[in-house]
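Take a look at the structure set out below.
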Amino acid sequence: MQLAAAGLRVVCIEPEDAMRQAVGESLDWSAPDLLAALGLPMEGLVNAGLATWKRHVTVKLRDGASEHYVPGAWLAGAPFRVELRTLHVDRLRLDEELLKKTIENGVTVVRDTVARVERDGNRLSAVHTVGGVRFSSPWFIDASGFAASLLAREFELPAIQFGPPKVAIWTYFAISELVEGTSLYMEPLPKEYLDWVWEIPIGPEVVSVGYVTTGAAMKVFRERGLGVEDIFRQQLTKFPRFDALLRAGALGPCNTTAFRSRVYDGVAGPNWFVAGEAASMVDPITANGVTAALRHAAEASALILKCRKRGTLPLRARISYNRRILQMAKFFNVGIEKILYEPAVRNRLGARTSGTVYTTPAWSMNVVYARLKPKGILKTYVLGLVLGFWRGCAWIFSECCKRLPASAESAG
Ligand SMILES: Cc1cc2nc3c(=O)[nH]c(=O)nc-3n(C[C@H](O)[C@H](O)[C@H](O)COP(=O)(O)OP(=O)(O)OC[C@H]3O[C@@H](n4cnc5c(N)ncnc54)[C@H](O)[C@@H]3O)c2cc1C
C-alpha cells in the first residue's frame, strides 16, 4: 500500500486460500500507529466491529491468583504522550479490510503462489509462480510467513532459534459479556517449561481461546491416544472460566499451527527484503508479531522509495534493516524464554513477578523503538546496544537463578 500510494506499480502474489483463520489477534501498543498509517485508525476499527479495546493484560494462575499488567499512566503525559490503549482484532475481517484498501490504493493482487525465484548472484530478477507466470521487478519483498520463508531458504540464510518447537490449538466461543483485556491462563510447574492458554475478545460477542505448548508435550498427548479437541478441552477444564464456554460449545472446529521462535540473519539484499514472520518469528505470548510485520513492511517500503533511483540498496541500509530485525527478535525471544517459559527465574520470583520483569523492558523498548524511529546505522546501533544490554541481563539473571541453591527458591 505504501509503495503503491507513492506511485510505484506493485504486484502482490498471494494464494486464494490466504484468507484462512489467522492468529495475531492481541496487538502490542505500537501496532495502532502502524495501522493508522495505513488508513485504519483505532476508533474506526472498533466502531466497525473489527476490533475491541485492549487496555491491559491479565495473567490468571490455576490457584486463583492473578496479576494485571497495565502501561503506567505517566506514559500518557509529557514528554512520552503514549496512547495507553491498543486493540484486539478480528483477523479475518481486518485482513479483508486491508486487502480492500490495498486494491483501492492501486496494488494488483494476483491469486497465485511463488514457486521459484530467478537471480543473478545475490540480486533477484524475477519470480515464477505455480500458475506458470514470470514476474520481473527491480525490487522484491518476501512476506511469505513462517512456514514458507521463501528467500531465507533460497539464500540459505542462517537461522537463530529460541526455545523448543511449539504447537497452538485455538477456536472461538460466543460470550455474553465483553472482556476488555487479553487474559493469559497458566499453571506454572516448578520443573516444567510453561504452557498457557489465551483468551482474546476479538469482537463484542466472540472470544478467541487458544492453547500453546511444546511439540514434545503434544507428541506425548497424541501417544496417549488423545485427539486435538480432547487435548484442548483437557487444558481448558483446568480453569473455571471456561466451564460455561465449553458447555455452550465452540463456534467452529479447532485450528492448529506449529511454529518455533526464530530469526534469520541477512534479511535484506541488493534489491530484496524479507519481512514479517518470514524474517522473524517472535513468540506469540509477546503479542509482537503484527507490530513487527507492519514495521518491517513500512521500513522496507521507505528504503525502496529512498533507493529506487539508484536501483540498489546500499550496504549500510541492508546492515541496519537486518540488525533491527535481528536485535528485536533476540530481545523479545530471549527475554520471554529466560524469564517466563523456562522455570529457573519464575521459580525464584513467582510467575506474576516474572511477568512484570518481562513486560517492563519489553513494553518500554517498543515505545523507544516507535519514538527513536531508528532508520540510519547510528540509531540502529544505539538501539542494538540497549536491547543487547537487556538481553544480557535476562541471560545472566537466568543463569544465576539456575546456579543458586534450590533452598533459596520461592516458588508460586
Ligand atoms: C499461535 C500464534 C499466536 C499469535 N498471536 C499473536 C498475537 O496475539 N499478537 C500478535 O501481534 N502476533 C501474534 N502472532 C504472530 C502473528 O500471527 C504474525 O506475526 C502476523 O500475522 C504476521 O504474519 P505475516 O504476515 O508475516 O505471515 P502470514 O500471516 O503467515 O502471511 C504469509 C502469507 O504468505 C503467503 N504465502 C506463503 N508462501 C507463499 C508463496 N510461495 N507465494 C505467495 N504467497 C505465499 C501465505 O499464504 C500467507 O498469506 C501469533 C502467531 C502464532 C503462531
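The values are calculated or read from the model by the stated rules, or taken from the named source; none is laboratory data. Note that the structure is a prediction, hence the values are computed from the model and not measured. Ideal geometry is used to build each Cβ from the backbone, glycine not excepted, and the neighbour counts take in all protein chains shown. When the accessible area is computed, the model is the full protein with side chains, heavy atoms only, and any ligands, DNA or RNA have been set aside. Shrake-Rupley method; radii C 1.70, N 1.55, O 1.52, S 1.80 Å.
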Return the residue satisfying two criteria in turn: it lies in the stretch 10-38 and is in contact with a strand residue (DSSP E or B) (Cβ under 7 Å, 6 or more places away or on another chain) and of a type in the set (S, T, N, Q), and of such residues it is farthest from the ligand (Cβ to nearest atom). GLN21
Subset of the stretch 107-120, residues open to solvent by 50 Å² or more (accessible area, probe 1.4 Å) and out of contact with any His (no Cβ under 6 Å at 6 or more places or on another chain), comes to THR108, ARG111, THR113, GLU118, ARG119, ASP120
Considering the stretch 280-321 alone, what residues qualify as being open to solvent by 20 Å² or more (accessible area, probe 1.4 Å) and polar (S, T, N, Q)? THR312
If a residue must be under 21 Å from THR257 (Cβ atoms) and part of a helix (DSSP H, G or I), how many such residues does the stretch 284-306 contain? 10
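Looking for whichever is over 15 Å from LEU40 (Cβ atoms), in contact (Cβ under 8 Å) with a residue 40 or more places away in the chain and of a type in the set (D, E, K, R) here; the options are ARG134, ARG111, ARG119. Which one fits? Spell out the reasoning first.
On the way: ARG134 fails: in contact (Cβ under 8 Å) with a residue 40 or more places away in the chain; ARG119 fails: in contact (Cβ under 8 Å) with a residue 40 or more places away in the chain.
Of ARG134, ARG111, ARG119, the one residue that is over 15 Å from LEU40 (Cβ atoms), in contact (Cβ under 8 Å) with a residue 40 or more places away in the chain and of a type in the set (D, E, K, R) is ARG111.
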Yes/no for LYS60 being out of contact with any helix residue (DSSP H, G or I) (no Cβ under 6 Å at 6 or more places or on another chain), within 15 Å of the ligand (Cβ to nearest atom), closer than 30 Å to THR353 by Cβ and of a type in the set (D, E, K, R): no
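Return the only residue of ALA48, ALA4, ALA22 being hydrophobic (A, V, I, L, M, F, W, C) and within 26 Å of TRP363 (Cβ to Cβ).
Values: ALA48 fails: within 26 Å of TRP363 (Cβ to Cβ); ALA4 fails: within 26 Å of TRP363 (Cβ to Cβ).
Every option except ALA22 fails the conditions.
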Quickly run through the stretch 172-192 and pick out the residues that are open to solvent by 40 Å² or more (accessible area, probe 1.4 Å) and within 16 Å of the ligand (Cβ to nearest atom). GLU180
Qualifying positions in the stretch 124-171 - of a type in the set (Phe, Trp, Tyr), within 20 Å of the chain's Cα centre (by Cα) and buried (at least 21 other Cβ atoms within 10 Å of the Cβ): PHE162, TRP170
Could we say that VAL212 is within 12 Å of the ligand (Cβ to nearest atom), more than 20 Å from ARG323 (Cα to Cα) and open to solvent by less than 10 Å² (accessible area, probe 1.4 Å) here? yes
Looking at (1) hydrophobic (A, V, I, L, M, F, W, C); (2) within 30 Å of LEU236 (Cα to Cα); (3) touching a residue at least 60 places away in the same chain (Cβ under 8 Å), which is the one condition that is false for VAL70? (3)
Out of ARG324, ARG346, ARG403, ARG371, I need the residue that is closer than 26 Å to TYR69 by Cβ, open to solvent by 70 Å² or more (accessible area, probe 1.4 Å) and out of contact with any Phe, Trp or Tyr (no Cβ under 7 Å at 6 or more places or on another chain). Which one? ARG371
Answer from PRO79, PRO41 - the residue that is more than 23 Å from the chain's Cα centre (by Cα), away from the ligand (no atom under 16 Å from the Cβ), over 30 Å from PRO190 (Cβ atoms) and not hydrophobic (A, V, I, L, M, F, W, C): PRO79
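Does ALA244 meet the test of being within 16 Å of the ligand (Cβ to nearest atom), open to solvent by 20 Å² or more (accessible area, probe 1.4 Å) and either modelled with pLDDT of 95 or more or not in a strand (DSSP E or B) (or both)? Before you say what the answer is, go through the steps one by one.
Values: within 16 Å of the ligand (Cβ to nearest atom): no; open to solvent by 20 Å² or more (accessible area, probe 1.4 Å): yes; either modelled with pLDDT of 95 or more or not in a strand (DSSP E or B) (or both): yes.
No.
When you check VAL46 against the structure, is it in contact with a strand residue (DSSP E or B) (Cβ under 7 Å, 6 or more places away or on another chain) and crowded, with 19+ Cβ neighbours inside 10 Å, yes or no? So that I can check it myself, show each step before the final result.
Working: in contact with a strand residue (DSSP E or B) (Cβ under 7 Å, 6 or more places away or on another chain): yes; crowded, with 19+ Cβ neighbours inside 10 Å: no.
No: the conditions fail for VAL46.
Of ALA37, ALA31, which residue is open to solvent by 70 Å² or more (accessible area, probe 1.4 Å) and touching a residue at least 24 places away in the same chain (Cβ under 8 Å)? Spell out how you get there, then give the answer.
Working: ALA31 fails: open to solvent by 70 Å² or more (accessible area, probe 1.4 Å).
Every option except ALA37 fails the conditions.
Can you pull out the residues in the stretch 215-240 that are surrounded by 15 or more Cβ atoms within 10 Å (Cβ to Cβ) and over 22 Å from ASN347 (Cβ atoms)?
Across the stretch 215-240, the qualifying residues are MET218, PHE221, LEU226, VAL228, ILE231, PHE232, ARG233, LEU236.
Among the residues in the stretch 253-270, are any more than 13 Å from the ligand (Cβ to nearest atom) and among the acidic types (Asp, Glu)?
If we filter the stretch 253-270 for residues that are more than 13 Å from the ligand (Cβ to nearest atom), which is where we start, we get 253, 265-266, 268-270.
Narrowing the set further to residues that are among the acidic types (Asp, Glu) leaves 265.
Yes, there is a match, as at least one residue in the stretch 253-270 is more than 13 Å from the ligand (Cβ to nearest atom) and among the acidic types (Asp, Glu).
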Could you please give the count of residues in the stretch 12-28 that are open to solvent by 50 Å² or more (accessible area, probe 1.4 Å) and in a helix (DSSP H, G or I)? 2
